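Here's the structure we're looking at; comments come further down.
Nothing in this text is a laboratory measurement; each read-out follows from the coordinates by a stated rule. This structure is a prediction, so every number in the text was calculated from the model and none was measured. Reconstructed Cβ throughout: ideal geometry from the backbone, glycine too, with neighbour counts over all protein chains shown.
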Amino acid sequence: MHSHALFSFFHTFLDNMMEDLNVDLEKEFLHDLKDLKVLVNDKDMLDQHKSLVCAQLRGKIKVFSEMEASFKNLSRALVNIASKLTHTKDFRDLFIDLVEKFVEPCRSDKWTIGDLRLFLKHYSSSVRMLEAFRHQVIWDRYMGVIQSCILKMYHD
């Protein structure tokens, strides 16, 4: 019985330690999201990202010219949403911001769900080709979640 109590204590202790570690990792991740701003604040990087995405999508989506014209605004929206998520209380605005700053502009330009899926895929993956970008792990984690949210929220 005594060893069971000891085991139970260590199990609880380890659970609490892991929970604290996870909370610290989440805080660190949320803090690191601010580093993504370089994608829109560095004009050369923004232009390079746009040309990489355009090269991938030319002839593949119906709304290419609309996408090309609104690329910088859409990119700023996604990156600024990320940088606002520094505290968990900021999550309440996440879906409102996604709808107002990303989903609605795409919808008003008549993007299909297929166009959106292709755009998000190439928008997200083309960052790997930006030599000066040093935040790939954070970017991949953020975009993985955001892509899922946007695609679930978007209706033709």
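A few points about this structure:
- Take each peptide in 114-121, 95-102, count the other Cβ atoms within 10 Å of every residue, and average; sorted highest first, the result is 114-121, 95-102.
- Straight-distance crosslink candidates among lysines, where the alpha carbon sits under 21 Å from Lys43 and sequence neighbours closer than 8 are dropped: Lys34, Lys72, Lys84, Lys101
- Dipole magnitude of the range 44-156 about its Cα centre (Cβ charges: Lys, Arg +1; Asp, Glu -1), debye to nearest 20: 240 debye
- Cα gyration tensor shape for the range 50-138, rounded if a/c is under 1.5, else prolate or oblate: oblate
- Its residue count N sets the reference 2.2 N^0.38 Å, and the alpha-carbon radius of gyration of the range 115-155 equals 1.22 times that reference.
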